[in-house]
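Since every read-out is calculated from the coordinates, none of them should be taken as a lab result. Bear in mind that the values here come from a model prediction, so they are computed numbers and not experimental data. Backbone-built Cβ (ideal geometry, glycine too); neighbour counts: all protein chains shown.
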Amino acid sequence: MITLAKKDYRPIYDACWNAPRRIEEMDKYSVDIQIMCATPILFAYEKPADQALACAQLINDAELELCSHEPARLKAMCQVPLQDIDLACAE
């Protein structure tokens, strides 16, 4: 469960980080391709730019690794630190 301000935000489970489980669920619901993206509370918009960049890099690397297991079906949506245009463009 992701928690925000001590309140449940949304459940998370193994299909969020386990490529074979994600593909299994996609097949179950007849989904051919999925764009993987972090949930908005992980975007770190409220943090300084350098911290938001570190979060973005961590999430982007994890998404790319996850998608590498089924590159024809799983695609990663890049996260960038919008606080700083130069850092965002570099990422």
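Using only DSSP helix segments of four residues or longer, with each worth -39500 (n - 2.57), what per-residue ellipticity at 222 nm results for the chain after dividing by its residue count and rounding to 500? Mind dumping the intermediate values first?
On the way: 3 runs with 35 residues, N = 91.
Here the helix-only value at 222 nm equals -12000 deg cm²/dmol.
Let me see the pair-distance distribution of the chain: every alpha carbon pair, 5 Å bin width, integer percents in order.
3, 14, 21, 20, 18, 14, 9, 3, 0
List the GluC sites (Glu not before Pro) within the stretch 20-59 that fall in a DSSP loop (any state other than H, G, I, E or B) and whose Cβ has at most 10 other Cβ atoms within 10 Å.
Sparse-neighbourhood loop GluC sites (Glu not before Pro): Glu46.
What is the helix-to-structure angle for 49-67, meaning the angle in degrees between its Cα long axis and the longest Cα principal axis of the chain, kept from 0 to 90 and rounded to the nearest 10?
It works out to around 10 degrees.
Using Cα atoms only, what is the angle between the long axis of helix 19-28 and the major principal axis of the chain, expressed in degrees (0 to 90) to the nearest 10?
So the inclination is approximately 60 degrees.
Given Cβ point charges of +1 (Lys, Arg) and -1 (Asp, Glu) and nothing else, what value in debye, to the nearest 20, does the dipole of the stretch 2-90 about its Cα centre take?
Rounded to the nearest 20 debye, it is 320 debye.
Which of Ser30, Pro11, Gln83 sits closest to the plus end of the dipole of the chain, meaning its Cα is farthest towards the positive end, when Lys and Arg get +1 and Asp and Glu get -1 on the C-beta?
My answer, from the dipole projection, is Pro11.
Determine the sum of side-chain charges near Ala49: Lys and Arg each +1, Asp and Glu each -1, restricted to other residues whose C-beta is under 13 angstrom from that of Ala49.
On the way: positive: Lys47; negative: Glu46, Asp50, Asp84, Asp86, Glu91.
Around Ala49, the surrounding residues sum to -4.
First measure r as the distance between the Cβ atoms of Tyr29 and Asp84, then evaluate 1/(1 + (r/R0)^6) with R0 = 30 Å and state the FRET efficiency to the nearest 0.05.
That pair, Tyr29 with Asp84, gives E of 0.20.
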